[in-house]
Amino acid sequence: DRLQVRYTAILGDDELAKGEIALKDMTSGEQRFVPLDRLADEILG
């Protein structure tokens, strides 16, 4: 929030093993898991 970013991406060992990333919308507080190869589409779209 302090940096006024829209999204935060969380990539740990568990997410990496599943081939996904946790993406948190800093505006709404919603967090969802998206496949790594769809990350750019989720952020831009």
- Query: So how much accessible area does R38 have, in Å² to the nearest 10, using a 1.4 Å probe?
  - Reply: 100 Å²
- Message: With the crude spin-label approximation of a point 7 Å out along Cα→Cβ, what separation in nm comes out for R38 versus L11?
- Response: 1.7 nm
- Item | Residues E30 and Q4, FRET efficiency given R0 of 22 Å [Cβ-Cβ distance, rounded to 0.05] | 0.80
- Of Y7, V34, L23, farthest towards positive along the dipole that unit charges on Lys, Arg, Asp, Glu beta carbons give the chain: Y7
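Pairs of alpha-carbon atoms within less than 8 angstrom and 6+ residues apart define the contacts here; what relative contact order does the chain have, in percent? Please report the intermediate quantities before stating the final value.
Values: 50 pairs, mean separation 13.8, N = 45.
This gives 31 percent for the chain.
The values are calculated or read from the model by the stated rules, or taken from the named source; none is laboratory data. Nothing here was measured: the structure is a model prediction, and the numbers come from that model. Reconstructed Cβ throughout: ideal geometry from the backbone, glycine too, with neighbour counts over all protein chains shown. What goes into the accessible areas is simple: the full protein's heavy atoms, side chains included, and nothing from ligands, DNA or RNA. Shrake-Rupley method; radii C 1.70, N 1.55, O 1.52, S 1.80 Å.
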